[in-house]
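Participant: Dropping a structure here in structure tokens format, bear with me for questions.
The values are calculated or read from the model by the stated rules, or taken from the named source; none is laboratory data. Only a predicted model underlies this, so the values are computations on that prediction, with no experimental measurement involved. Ideal geometry is used to build each Cβ from the backbone, glycine not excepted, and the neighbour counts take in all protein chains shown. Each accessible area value is taken on the protein alone, full model and side chains, heavy atoms only, with ligands, DNA and RNA left out. Shrake-Rupley method; radii C 1.70, N 1.55, O 1.52, S 1.80 Å.
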Amino acid sequence: MKSYSLRAIKFLLIILIALIASFQLWSVKAVNAGINDDRFDGNIYVVYAGNGSLVPSKVAFADALKREAPIILVYYLDDSRDCKQFAIVVSRMQEFYGKLAYLIPVSVDGIQNKASYATNETGYYYQGVVPQTVILDQNGKTVYNGKGVVPFEEIDTALRKVFNFAPRDKSSTLERRSFNEFNTELVPQ
């Protein structure tokens, strides 16, 4: 009789432990992050743009300035709804201009808080808004500063000017503006 009651008590304890564990599982809130909220759920370029090659940047900003090529700075936060939605636009910039310009995503959390910055520091161009897109031409001059979620077409227009590409209404692909070589030879310089 003792063994039967001992087995019954063990069985009831196991059931009680299982019930307590299941109640604890029910009380845990699900972690749901998405493109329409400000929750962190990983690198936004991996999760929302399918392009983990953007972060970390292939070249440091100061080094890119020395190479005299156009630079696209994109300031972002991984836990910003606007930055999550803008990630696909950044991926498109890399698709079209990644071999022509340095695309440097800059996590705002990584910018050191200082009173002033030198022009070769990313903090110099940041204006407290995410996302923010800054385009520097070959000479390091700011030619575009877009704040917030801006359409790819607006950025594309600025980049077409930097690279002397034909306007979008004249060319669906990225090609240099044509000029008449014959006329340039006849015109006195």
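Participant: Considering (1) open to solvent by 90 Å² or more (accessible area, probe 1.4 Å); (2) of a type in the set (A, V, I, L, M); (3) closer than 18 Å to Tyr144 by Cα, say which one Ile17 fails and leave the rest.
Facilitator: (3)
Participant: A further question follows. Which of the numbered conditions does Tyr102 fail, given that it passes all the others? Conditions: (1) farther than 27 Å from Phe165 by Cα; (2) touching a helix residue (DSSP H, G or I) at 6+ places or on another chain (Cβ under 9 Å); (3) open to solvent by 30 Å² or more (accessible area, probe 1.4 Å).
Facilitator: (1)
Participant: Looking at Phe165, Phe86, Phe96, Phe179 in this structure, which one is modelled with pLDDT under 95 and touching a Ser or Thr at 6+ places or on another chain (Cβ under 9 Å)?
Facilitator: Phe165
Participant: Can you pull out the residues in segment 131-143 that are assigned to a strand (DSSP E or B) and open to solvent by less than 30 Å² (accessible area, probe 1.4 Å)?
Facilitator: Within segment 131-143, Gln132, Thr133, Val134, Ile135, Leu136 meet the criteria.
Participant: Another question, then. Need the failing condition index for Lys10 against (1) outside any loop (DSSP other than H, G, I, E, B); (2) within 14 Å of the chain's Cα centre (by Cα); (3) not hydroxyl-bearing (Ser, Thr, Tyr), just the number.
Facilitator: (2)
Participant: In addition: Looking only at segment 51-88, which residues are part of a loop (DSSP other than H, G, I, E, B) and open to solvent by less than 50 Å² (accessible area, probe 1.4 Å)?
Facilitator: Result: Asn51, Val55, Ser57, Val59, Ala69, Pro70, Leu77, Asp78, Ser80.
Participant: Next question. Scan segment 101-123 and report the pairs whose first residue is of a type in the set (D, E, K, R) and whose second residue is part of a loop (DSSP other than H, G, I, E, B) and surrounded by 15 or more Cβ atoms within 10 Å (Cβ to Cβ), with Cβ atoms within less than 9 Å and a gap of 6+ or a chain change.
Facilitator: Pairs that qualify, where the first residue is of a type in the set (D, E, K, R) and the partner is part of a loop (DSSP other than H, G, I, E, B) and surrounded by 15 or more Cβ atoms within 10 Å (Cβ to Cβ), are Asp109/Leu77; Asp109/Asp78; Lys114/Glu121; Glu121/Ile111.
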